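So the structure is just underneath, and the comments pick up after that.
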Amino acid sequence: MRQSLLVIGGLLMACAPMSGAEALQDAPLPEQPEWNAAAEPASTPAAAIDASTSPSDDESLPTAPAMDNTPAAEPLPSNNPSVPPAANPSEISAASEIGVPKASNFYLPSLDNYGRPFFERQGLRFRAGPLNLRMSLSVGAEYNSNIFGSNTNVVGDYITHISPTILLGLGDFQTKTEDFFLLNYHPSFDYYLSQTQQNRLNQNLEIVGQATLSRYSTTVDLSYMSSNLPNATQTGGQDYTNFLFTWDNRYYLGAKTFARAMISANTQTSENQNNYQTFAISPQIGYAYSPKTTISFGPFAGVSDIGNGGSQTFQGLSVGINYTTLRKLQIDASFGIQARQFDEQNATGATNFMTPVFNVAVTYTATANTTVNLGLLRDVQLSDIQRGLTYTNSQINFGVTQHIHTHFTLGFGLSYQLLEYQGEAPLGRTDQYVSGGPTLRYSFWRDLFNFSLFYRYQKRTSNLQQFEYDVTSYGFSLSYSF
């Protein structure tokens, strides 16, 4: 009997939480969450699977937002390396507990998970030891009144979309605070009823890995995108591929202060030979002012090689702020300024310029049934219209989601986008986009299925009349999260 009590007592001592001082020496540190500032909550297509729910700990699976397949003004992703992201939020209860792991973690040994079987399944979500497999499928159809985005010879068509997603995860791929590996593959098949020559396969692949060692953490993110849309650019559709590499390193100097260095590289190749490579680096110093507020500051610099179109160098400063009340309000923002110079060949006639850049995301949970999202973005990007053509991209995105019934959710999204092309006319012009519309979603069968109806209108105006057009699209989608 005495021996049994000693064994139980030893187990309890081994599982007891570490003190703050011990954790700083031995435990991994929190990592920055991912967030997309340009997303419209009520108007975004169903894409990657939400990995935040354990396959066996939660009966309810994540739901996918309503689908919206209207092509964007520019096909390039908004992962601009010249705008460093804001610092990560502090999700701890006290500053002295930075780096302390949770008392119960599915990926660490604990009494709560001791004796679980090697293989588990919930529907078509699988876990085999440390390996997790998750899948989803979205099928939908829409009518688009102007698939080529033109104000002459307007062509409309019915489009069918089939979008599966496969996710493989190892380690702490849900919260991303400890070691993890994540692979996410998302192809999209688009079939046109009349314009069958536009049928195409678009692909997105992301591989992310993170390793932590005491106060240091390093994260590598590699993404690949292959796309071809009828109006992918203002000059028509074209095939293009994009590779983005990001290496994020963070070291905690103390309980509240950390140093951070980010390196990114972006390569794009396109059908019209408008190819470029961009490399950027951004060192930062961050400070956790409180468990709710984190700030960071640092310079950034980079270069874009346009091939036969010369090269462009850029540099600037950025300040990041993250604030969360842990319940109702979360603000993730970065503000800065960027200067850009045009070297060697410059066929667009653009001159050196300096502009503010920012990325702001605000999420406000007004009630248990109402969520409001606001996104502000301004960055500098390279266009597909002509080799070496640069433009500033300014956006305002607003969305509200309202649960109106146990199974019904009503959303509305509104977006404004301003593109200012740097160069001589007709290249140096200004375009404006206004778009928005409602989405109604119905969730059923334990919220595994989501059926959505959407309507969206987009209007583009320009100081050059030949670039103006409007598009109306409406349709439905049915998604199933396995």
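Looking only at segment 252-295, filter to residues that are surrounded by fewer than 17 Cβ atoms within 10 Å (Cβ to Cβ) and of a type in the set (Ser, Thr, Tyr); which one of those is nearest to residue 228 (Cα to Cα)?
Applying the filter and picking the extreme gives 269.
Restricting the search to segment 254-270, which residues are touching an Asp or Glu at 6+ places or on another chain (Cβ under 8 Å) and basic (Lys, Arg)?
Listed by number, the list holds a single entry, 260.
Being touching a Pro at 6+ places or on another chain (Cβ under 9 Å) and among the hydrophobic types (A, V, I, L, M, F, W, C) is the filter; apply it to segment 134-164 and report the residue that is farthest from residue 456 (Cα to Cα).
Within segment 134-164, the match that is farthest from residue 456 (Cα to Cα) is 135.
Among the candidates 384, 305, 343, single out the residue that is surrounded by 17 or more Cβ atoms within 10 Å (Cβ to Cβ) and within 30 Å of residue 426 (Cβ to Cβ).
384
Just to be sure, is residue 325 in contact with a Ser or Thr (Cβ under 6 Å, 6 or more places away or on another chain) and of a type in the set (Ser, Thr, Tyr)?
no
In segment 418-443, which residues are closer than 12 Å to residue 473 by Cα and either small (Gly, Ala, Ser) or not in a strand (DSSP E or B) (or both)?
435, 436, 437
Looking at segment 454-474, is at least one residue more than 23 Å from residue 151 (Cα to Cα), touching a residue at least 60 places away in the same chain (Cβ under 8 Å) and part of a strand (DSSP E or B)?
Yes: one or more hits.
Quick check, is residue 446 in a strand (DSSP E or B), charged (D, E, K, R) and under 28 Å from residue 326 (Cα atoms)?
no
I want to confirm something. Restricting to segment 195-218 and keeping residues that are polar (S, T, N, Q) and in contact with a Lys or Arg (Cβ under 8 Å, 6 or more places away or on another chain), which single residue is farthest from residue 469 (Cα to Cα)?
Across segment 195-218, the extreme among qualifying residues is 217.
Need the failing condition index for residue 467 against (1) of a type in the set (A, V, I, L, M, F, W, C); (2) buried (at least 16 other Cβ atoms within 10 Å of the Cβ); (3) under 25 Å from residue 190 (Cα atoms), just the number.
Unmet condition: (3).
Any chance segment 188-204 includes a residue that's within 24 Å of the chain's Cα centre (by Cα) and farther than 22 Å from residue 473 by Cβ?
The answer is yes; a qualifying residue exists.
Matching residues to (1) polar (S, T, N, Q); (2) free of Cβ contacts under 8 Å to residues at least 40 places away in the same chain; (3) closer than 18 Å to residue 278 by Cα; (4) in a strand (DSSP E or B):
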| residue | (1), (2), (3), (4) |
| --- | --- |
| 313 | yes, yes, yes, yes |
| 321 | no, no, no, yes |
| 326 | no, no, no, no |
| 332 | no, no, no, yes |
| 336 | no, no, no, yes |
| 345 | yes, no, yes, no |
| 372 | no, yes, no, yes |
| 381 | yes, no, yes, yes |
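Working only within segment 206-217, note down all residues that are crowded, with 16+ Cβ neighbours inside 10 Å and of a type outside the set (Asp, Glu).
208, 209, 210, 212, 215, 217
Read-outs: derived from the displayed coordinates by stated rules, not from any lab. Given the structure is predicted, the values throughout are model-derived calculations rather than measurements. Here the Cβ is made from the backbone with ideal geometry for all residues, glycine too, and neighbour counts use every protein chain on show.
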